[in-house]
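The values are calculated or read from the model by the stated rules, or taken from the named source; none is laboratory data. Source: prediction; values computed, not measured. Note that each Cβ is placed from the backbone with ideal geometry, even for glycine, and that neighbours are counted across all protein chains shown. Ligands, DNA and RNA are stripped out before the accessible areas are found, and what is left, the full protein with its side chains, is counted by its heavy atoms. Shrake-Rupley method; radii C 1.70, N 1.55, O 1.52, S 1.80 Å.
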Amino acid sequence: MTTRIPTPVTREVERRVVGNVLRGSIGNLVEWYDWYAYSAFTIYFAKAFFPGGDATAQFLNTAAVFAVGFLMRPLGGWLLGRFADRFGRRSALVLSVSMMAFGSLLIAATPGYAAIGVAAPILLVLARLLQGLSVGGEYSTSATYLSEVATPGKRGFYSSFQYVTLVGGQLLALGLQLILQSLLTEAQMGDWGWRIAFVVGAVAAVVVMALRRTMDESASYERVAAESGSGKQAGERGTLRTLVKYPKEIALVVGLTLGGTVAFYTYATYTQKFLENTADIPRRTVTWILFIALLVFALLQPVAGRLSDRIGRRKLLMFFGIAGTVLTVPIMTTMAHTKQPVLAFLLLLGALVIVTGYTSINAIVKAELFPTRIRALGVGLPYALTVAIFGGTAELIAQALKKAGHESLFFWYVAGCILVSLVVYGTMRETSRSSALEQDED
């Protein structure tokens, strides 16, 4: 292993870092807006694609499609992670946003069940599968890119913008929902208003395709690509054969992701249905609660990321693991029984503060585990598998348990998943002083 001398951090170098982070983050923002628009507008288009039955049954059907989209994320993590390790981070990011644009356009243009029958939910599933493929590759490639272009000593800070923009995408979806709710009636929102969100996403994704072409390629990738050339070493970049040489790192990615992804999707997406259906808080009020809480949550990400540069990543993970394990059941139980919007907001915000211990640094922790030649695939595939199995099914499990009359069991399920990750955090080494991002294997 050869130690590299870091490039001096001049004002020009820092300026280019900031520019690349901003351009990469804007693309990430649009990708996640497209992904979360589905969840935000489910309450309006559920009956269009799945007519009949009560609201819980319709939400259950759309939650199932939401989960199906997650099943494509491992495939996207593999395909685009391999593509990024072999052909560059920038090219992979352009490809991922192209697929997302097509998926959003397909949802926007698909007629409802009343017009084309069973073809409507089939097309919805196909569009969601394409979006899942896209976002599976987006996570791994953007996490890798942000970690590699970041200034040494500020990697936690810069990489935290992945979740700033991830949450920002959800905020944009909710913000557009609030605007449409103020301009359109409930009937108009259910008939055609929800389609506006997906048209906006498709157009924005096309714009981002052009923007991402102007980003600098990661210097780490360019160096490794130049050294490996077109020989045997080049053929090992981004392959499963190379990835399986890192079984401990793969297991760490799965373990540290499990609790975090379940907690995040519980509070960031399921809460909207939970507060409306269980706590009986009005729909528009719930939207405002979620919007303001997520805005504060997004602003916390770079603060926690910068803190991790100073005190290490493991301390933040331990905070999330301990607080999440102990407080999840009390928070969700109280939230289920409150009728007070202010209390519901404070409970949700408290839960998201806890989750920040995971979300702000999860991308950089994973990137610090793998060398450059396998980093995008190493970050993406085990993460996507874990998210598909646990994060993507969180809402489905919650809705199913509610329908069966045992909703409180879901609270314990979330706490148990966090406990599993806490065990992993307690045994893992600190990664902030890892040399994986400064050194490459020969």
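The set of residues in the stretch 304-314 being in contact with a helix residue (DSSP H, G or I) (Cβ under 8 Å, 6 or more places away or on another chain) and open to solvent by 20 Å² or more (accessible area, probe 1.4 Å) consists of Arg306, Leu307, Asp309, Arg314. Taken as a whole, the stretch 375-382 holds no residue that is surrounded by fewer than 22 Cβ atoms within 10 Å (Cβ to Cβ), closer than 21 Å to Tyr425 by Cβ and small (Gly, Ala, Ser). Listed by first and then second residue, the pairs linking a residue in the stretch 85-114 that is within 27 Å of Val149 (Cβ to Cβ) and among the acidic types (Asp, Glu) to a residue that is buried (at least 22 other Cβ atoms within 10 Å of the Cβ) and at pLDDT 85 or above, with Cβ atoms under 8 Å apart and 6 or more places separating them unless they lie on different chains, are Asp85/Ile374; Asp85/Arg375; Asp85/Ala376; Asp85/Leu377.
Checking each residue in the stretch 207-232 for being part of a helix (DSSP H, G or I), surrounded by 15 or more Cβ atoms within 10 Å (Cβ to Cβ) and of a type in the set (A, V, I, L, M) picks out Val208, Met209, Leu211, Val224, Ala225. Which of the residues that make up the stretch 95-142 are under 20 Å from Val203 (Cβ atoms) and among the aromatic types (Phe, Trp, Tyr)? The one that is under 20 Å from Val203 (Cβ atoms) and among the aromatic types (Phe, Trp, Tyr): Phe102.
Among the residues of the stretch 238-261, the ones that are modelled with pLDDT under 80 and open to solvent by 20 Å² or more (accessible area, probe 1.4 Å) come to 0 in all.
None of Ser98, Ser147 is open to solvent by less than 10 Å² (accessible area, probe 1.4 Å) and out of contact with any Cys (no Cβ under 7 Å at 6 or more places or on another chain) except Ser147. Taking residues in the stretch 6-23 that are assigned to a helix (DSSP H, G or I), and partners anywhere that are surrounded by fewer than 14 Cβ atoms within 10 Å (Cβ to Cβ) and modelled with pLDDT under 80, the pairs with Cβ atoms closer than 8 Å and at least 6 places apart or on different chains are Val13/Thr7. When you check Ile122 against the structure, is it β-branched (Val, Ile, Thr) and open to solvent by less than 40 Å² (accessible area, probe 1.4 Å), yes or no? The answer is no for Ile122. Within the stretch 152-190, which residues are open to solvent by less than 10 Å² (accessible area, probe 1.4 Å) and either in a loop (DSSP other than H, G, I, E, B) or in contact with an Asp or Glu (Cβ under 8 Å, 6 or more places away or on another chain) (or both)? Gly156, Ser160, Gly169 - these are the residues of the stretch 152-190 that are open to solvent by less than 10 Å² (accessible area, probe 1.4 Å) and either in a loop (DSSP other than H, G, I, E, B) or in contact with an Asp or Glu (Cβ under 8 Å, 6 or more places away or on another chain) (or both). Filtering the stretch 391-421 to residues that are buried (at least 24 other Cβ atoms within 10 Å of the Cβ), farther than 14 Å from Lys273 by Cα and either of a type in the set (S, T, N, Q) or touching an Asp or Glu at 6+ places or on another chain (Cβ under 8 Å) (or both) leaves only Ser421.
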